[in-house]
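Here is the structure we will look at, set down as structure tokens.
The values are calculated or read from the model by the stated rules, or taken from the named source; none is laboratory data. A quick note: this is a predicted structure, and the numbers were derived from the prediction, not measured. As a convention, Cβ positions derive from the backbone with ideal geometry for all residues, glycine included, and neighbour counts pool all protein chains shown.
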Amino acid sequence: MKQTFQSTPCVLSLAIGLGCSTSVLAADSGFIEDTTATLQARNYYFSRDFSDIVGANQQSKAEEWAQGFILNVKSGYTQGTVGFGLDVIGLLGLKLDSSPDRVNTGLLPVQDDGRAADDYSRLAGALKVRFSKTELRIGELQPNLPVLAFSDIRLLPPSYQGASVTSGEINGLTLQGGHLKSTSLRNEAGDDKMQAMLGHVPQRQVSSDGFNFAGADYVFNDKRTSASAWFGQLEDIYHQRFLGLKHSEPMGDWTLGANLGFYDSREDGKKLLGNIDNQAFFSLLSAKRGGHTFYVGYQGMFGDSAFPRVFANVTPLGNEVPTYEFAYTDERSWQVRHDYDFAALGVPGLTSTVRYISGNNVDTGKGFEGKDRERDLDLGYVIQSGTLKGLGMRVRNVMARSNYRSDIDENRLTLSYTWTLL
């Protein structure tokens, strides 16, 4: 059930107290000595103009401004053959500016009256158990997997409730598996069942209380090459297989890179969304020299369906970005991108990204070929010294155009600062 907890800024101090009070349990063990605690303040302005509305939602603009706080307390492990620990996360979001005609930015919850909540918060934890190089976690989880990517792209990060196991007993090989039963979305305080997206369209009519995953990542070739194989299942909606390969190769002053992946997705169990048939291939090649990194990417959707994923995540698809996904039925897309680290010019902390993606061959189901394109510009700077050392600023400007979905003009401005408490 979705919840919004009002007027609860004490959640942060409560979580700190919870992390510190564990000294009663393990005063002389690694549980306390290895405990860390950080508090991040995140100020987020988000504006998205829809210049050509396509679809049932006729809201022409989404624009909000909010302040968030993210507390992470991570304990060490008790001594002994089997070690026990506890991680706690505390989240608080505060509305700074919103309006009923500008909601649904993903920053703030929307109440029954159509207005954004003044504040929302969450306090949750995860028990962790370690044996040798294997760890079991039960409770609040934030997995980052090819079949369920960690999508921290708004004011507060999403999380899931369940259990996971990670094992690194074999050198270079990491095995993971788990079961998730619910999710807390990026702009909600409570737990709810999980829903799917097909391409860019949320499928809110059905939901699932089970997401299962298992996978392996193997790093070799002096850590320059990694291979991955994964399985994900949103019970009774879809299941998905993934194969991936990454490689980095130094060549003189250059470093060449390749990121290749293939997904095969089908309907699952009760087929709550009907038949699903999607195969997705992506390739992202890079060349780095000095402060410059150049990219070129190709991504192709095959089969009778758009690419499925858990709502409202982005995925590791090579051409997917937070605005357009380029993952609709039969879509083919190309990307060119340039990143620059201004440390090469004596300005450490300043970075930029310029990216252009173009897609076509979309099966719109309306008798015409769908096309879309997007241009992104990102600038980031982290202050390197002085009183404000560590303060990060990021500006994002997007122009996205399509003949089968809404056009978007987008601006984001984020400020972030992290205090180390322990």
**Asked** Residues in segment 12-28: is at least one in contact with a helix residue (DSSP H, G or I) (Cβ under 7 Å, 6 or more places away or on another chain), farther than 19 Å from residue 140 by Cβ and either modelled with pLDDT of 95 or more or charged (D, E, K, R) (or both)?
**Response** no
**Request:** Kindly list the number of the only condition in (1) modelled with pLDDT under 95; (2) charged (D, E, K, R); (3) crowded, with 21+ Cβ neighbours inside 10 Å that fails for residue 64.
**Result:** (1)
**Request:** For residue 114, work out the one condition from (1) in contact with a Pro (Cβ under 7 Å, 6 or more places away or on another chain); (2) surrounded by 18 or more Cβ atoms within 10 Å (Cβ to Cβ) it doesn't fulfil.
**Result:** (2)
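Could you please let me know if residue 174 is more than 20 Å from the chain's Cα centre (by Cα) and under 23 Å from residue 315 (Cα atoms)?
Yes: the conditions hold for residue 174.
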**Message:** For the structure I just gave you, tell me whether residue 373 is closer than 20 Å to residue 296 by Cα, within 23 Å of the chain's Cα centre (by Cα) and either modelled with pLDDT of 95 or more or surrounded by fewer than 16 Cβ atoms within 10 Å (Cβ to Cβ) (or both).
**Reply:** yes
**Request:** Considering only segment 95-136, state which residues are out of contact with any helix residue (DSSP H, G or I) (no Cβ under 8 Å at 6 or more places or on another chain) and under 30 Å from residue 173 (Cβ atoms).
**Result:** 126, 127, 128, 129, 130, 131, 132, 133, 134, 135, 136
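What are the residues in segment 363-422 that are among the hydrophobic types (A, V, I, L, M, F, W, C) and part of a strand (DSSP E or B), if any?
Once the filter is applied, which keeps residues that are among the hydrophobic types (A, V, I, L, M, F, W, C) and part of a strand (DSSP E or B), segment 363-422 yields 377, 379, 382, 393, 395, 398, 399, 400, 408, 413, 415, 419.
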**Message:** Condition (residue is closer than 25 Å to residue 139 by Cα, in contact (Cβ under 8 Å) with a residue 24 or more places away in the chain and among the aliphatic types (A, V, I, L, M)) applied to segment 217-233: is it met by at least one residue?
**Reply:** no
**Asked** Which residue out of 257, 232 is under 30 Å from residue 193 (Cβ atoms), assigned to a strand (DSSP E or B), touching a strand residue (DSSP E or B) at 6+ places or on another chain (Cβ under 6 Å) and small (Gly, Ala, Ser)?
**Response** 232
**Asked** For residue 186, are the conditions met, namely being under 30 Å from residue 359 (Cβ atoms) and either out of contact with any Cys (no Cβ under 9 Å at 6 or more places or on another chain) or buried (at least 18 other Cβ atoms within 10 Å of the Cβ) (or both)?
**Response** yes
**Request:** Give 169, 235 a once-over and let me know the one that is out of contact with any helix residue (DSSP H, G or I) (no Cβ under 6 Å at 6 or more places or on another chain), under 18 Å from residue 276 (Cβ atoms) and surrounded by fewer than 20 Cβ atoms within 10 Å (Cβ to Cβ).
**Result:** 235
